[in-house]
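The values are calculated or read from the model by the stated rules, or taken from the named source; none is laboratory data. From a predicted model like this one, the values you see are computed outputs, not experimental measurements. Quick reminder, even Gly has a Cβ in these numbers, built from the backbone with ideal geometry, and neighbours come from all protein chains shown.
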């Protein structure tokens with residue numbers, strides 16, 4: 001029985017958007033090079049947008065509308081795109097479940113989870129990525145990740161519980177001030193009624209999470225899935241027997257981590273340092 005499925009590549013709506021951009025550009029009698037110069041962006045960025053490899057962001061859509069005289073058509077189209085379509089293809093399966101989840105449990109080892117990141121910390125994480133993104137692509141990911149966080153603003157937000165390794169809090173990604181603001185945001189999240197935050201202290205043994213990070217999700221229909229991401233590959237696990245194993249692992253991690261109160265005091269100490 002197959003317990004994990006790798007997210008398949010598929011044709012996305014951004015190819016249609018890109019084709020429309022190319023159509024409007026040609027109607028305006030601009031080559032890609034000429035239009036890139038007008039928009040003050042690299043010609044490769046124009047090509048990526050027109051081929052659907054790079055999503056057209058709202059501010060860029062407004063700029064293109066103005067330069068091409070399209071009466072706001074591109075901006076209206078981009079505004080109507082669903083959240084999942086604004087995400088990279090490999091993460092779209094995750095976003096589908098995330099948007100309707102009633103429970104999100106996350107264990108992270110290297111970086112603050114995307115659903116809790118500040119915008120500056122998020123941007124710094126993409127600046128450190130290898131191989132590097134084009135600037136336009138990095139901003140697309142930052143915007144998409146910030147949009148995902150809107151689930152916490154719902155009238156009935158999902159229950160969120162996060163276990164973070166202490167080591168990632170002591171790595172000043174982006175510099176001390178960016179890290180300080182990130183820790184401050186984590187401290188605020190930990191005080192919310194619908195959220196829980198625990199820190200796994202350095203050197204804690206035994207440890208149920210040595211195999212790496214995991215994200216467990218439950219929908220209102222009691223469907224359960226686990227999202228796993230390793231380097232450039234990602235998987236959604238939905239086989240009940242496999243999901244059960246990850247749920248047991250997460251339960252053990254909660255018992256091994258610092259309590260919520262102890263975790264809050266650790267964050268306060270880190271802010272003091």
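Numbers below:
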| item | result |
| --- | --- |
| Condition check for residue 52: over 28 Å from residue 100 (Cα atoms) and not assigned by TED's automatic domain parsing to the domain that holds residue 145 | no |
| Only listed residue being out of contact with any helix residue (DSSP H, G or I) (no Cβ under 6 Å at 6 or more places or on another chain) and either assigned to a helix (DSSP H, G or I) or at pLDDT below 95 (or both), chosen from 90, 126, 64 | 90 |
| Single condition residue 131 does not satisfy, out of (1) within 16 Å of the chain's Cα centre (by Cα); (2) within 19 Å of residue 45 (Cα to Cα); (3) free of Cβ contacts under 8 Å to residues at least 60 places away in the same chain | (1) |
| Options 186, 215; residue that is modelled with pLDDT of 95 or more, in contact with a helix residue (DSSP H, G or I) (Cβ under 7 Å, 6 or more places away or on another chain) and buried (at least 18 other Cβ atoms within 10 Å of the Cβ) | 186 |
| Residue match in the stretch 248-257 (condition: at pLDDT 95 or above, assigned to a loop (DSSP other than H, G, I, E, B) and more than 24 Å from residue 178 (Cα to Cα)) | yes |
| Single residue of 173, 228 found to be part of a strand (DSSP E or B), assigned by TED's automatic domain parsing to the domain that holds residue 125 and touching a residue at least 40 places away in the same chain (Cβ under 8 Å) | 228 |
